[in-house]
Structure formats: structure tokens, C-alpha cells
Amino acid sequence: MVIKLLEAYLPFIGLIIFGNIENLILASQGVVQGVNPKILGGLSIIAVIIWLVIGTVATEVAIQYSNYITFIGGLAIFILGVQAIHEAIKNIKTKKGSENNG
């Protein structure tokens with residue numbers, strides 16, 4: 001019974017991994033922007049719960065589109081990662097510039 005249930009989620013393993021990476025990227029963006037960590041953590045938990053509910057309810061329908069969903073999720077995470085790195089580099093350059101001028 002449990003194995004049958006887990007088999008339904010196997011096509012989404014990549015997306016589960018990507019989702020965890022996405023959470024880390026979003027958290028790092030929040031830190032770079034100076035967001036309150038408690039608020040950021042709370043919002044992250046809310047987002048995970050929402051995705052858990054959506055994933056649990058929509059798996060039957062979404063299973064036929066799992067390859068597309070995984071691709072779109074991976075692409076979104078790649079874009080978020082590039083954006084996070086860009087913002088971090090910009091922030092580092094700004095701090096170095098203010099240290100040299102100050």
C-alpha cells in the first residue's frame with residue numbers, strides 16, 4: 001500500500017529536490033535584501049504547506065504533465081539562482097565601494 005502510494009510521486013522526485021533548492025535560493029535572496037529572518041521563515045513554511053496541499057490534491061491530474069512541470073520548476077530555479085547571485089554580487093560591490101570611499 002505505502003509503496004504504491006510512493007510510486008505515484010516518483011516522477012516528481014526532481015521537482016521535490018528543486019523545490020528545496022528554490023527555498024534555499026529564496027532564503028538567500030531574503031538575507032541579501034535584509035528581510036527579518038523570522039518573517040522569512042514563517043512565509044517559507046506557509047509556502048511549503050501550500051505546495052504540499054496542492055501536490056497532494058493535484059498529483060492524479062498532474063502526473064501526466066510531470067516532465068513539463070519538472071522542466072518548468074528547474075528553469076524557474078535556475079533563473080532564481082542567477083538572480084540571487086546577481087543581487088549578491090551587486091550587494092558585495094556596493095559594500096566594497098562604500099568601504100573604499102569611507
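The values are calculated or read from the model by the stated rules, or taken from the named source; none is laboratory data. Note that the coordinates shown come from a computational prediction; the quantities given were computed from them, not determined experimentally. Reconstructed Cβ throughout: ideal geometry from the backbone, glycine too, with neighbour counts over all protein chains shown. Please note that ligands, DNA and RNA were not included when accessible areas were found on the heavy atoms of the full protein model with its side chains. Shrake-Rupley method; radii C 1.70, N 1.55, O 1.52, S 1.80 Å.
Run the reach check for Lys95 against aspartates and glutamates, Cα to Cα strictly under 15 Å, same-chain hits fewer than 8 apart removed. What comes back? Qualifying aspartates and glutamates at Cα under 15 Å: Glu87. Taking 16 Å as the straight-line reach from the Cα of Lys38, none of the lysines fall in range once those fewer than 8 positions away in the same chain are excluded. Percent of accessible area on the chain owned by carbon and sulfur, 1.4 Å probe? Ligands and nucleic acids excluded, carbon and sulfur give 73 percent. Taking a ≥ b ≥ c as the square roots of the eigenvalues of the alpha-carbon gyration tensor, segment 1-96 is classed prolate because a/c is 1.5 or more and a/b outweighs b/c.
Please label the shape of segment 15-58 as rounded, prolate or oblate, based on the square roots a ≥ b ≥ c of the eigenvalues of the alpha-carbon gyration tensor (a/c under 1.5 means rounded; beyond that, a/b larger than b/c means prolate, else oblate). Oblate shape, in that a/c is at least 1.5 and b/c is the bigger or equal ratio.
Scan the chain and note any complete DSSP helix (H) whose C-alpha atoms cover at least 27 Å along its axis and whose Kyte-Doolittle average is 0.0 or more. In the chain, the long hydrophobic H runs are 13-33, 37-62, 66-101. This model, with +1 at the C-beta of Lys and Arg and -1 at the C-beta of Asp and Glu, gives the chain a dipole about its Cα centre of some 380 debye. Heavy-atom accessible surface of the chain, averaged per residue, reaches 79 Å², computed with a 1.4 Å probe.
May I ask you to derive the relative contact order of the chain, considering only C-alpha pairs under 8 Å and at least 6 residues apart, and to give it as an integer percent?
After rounding, I find 49 percent.
Candidates Ile39, Ile3, Gly73 compared by Cα position along the dipole of the chain: farthest toward the positive end lies Ile39, with charges placed on Cβ.
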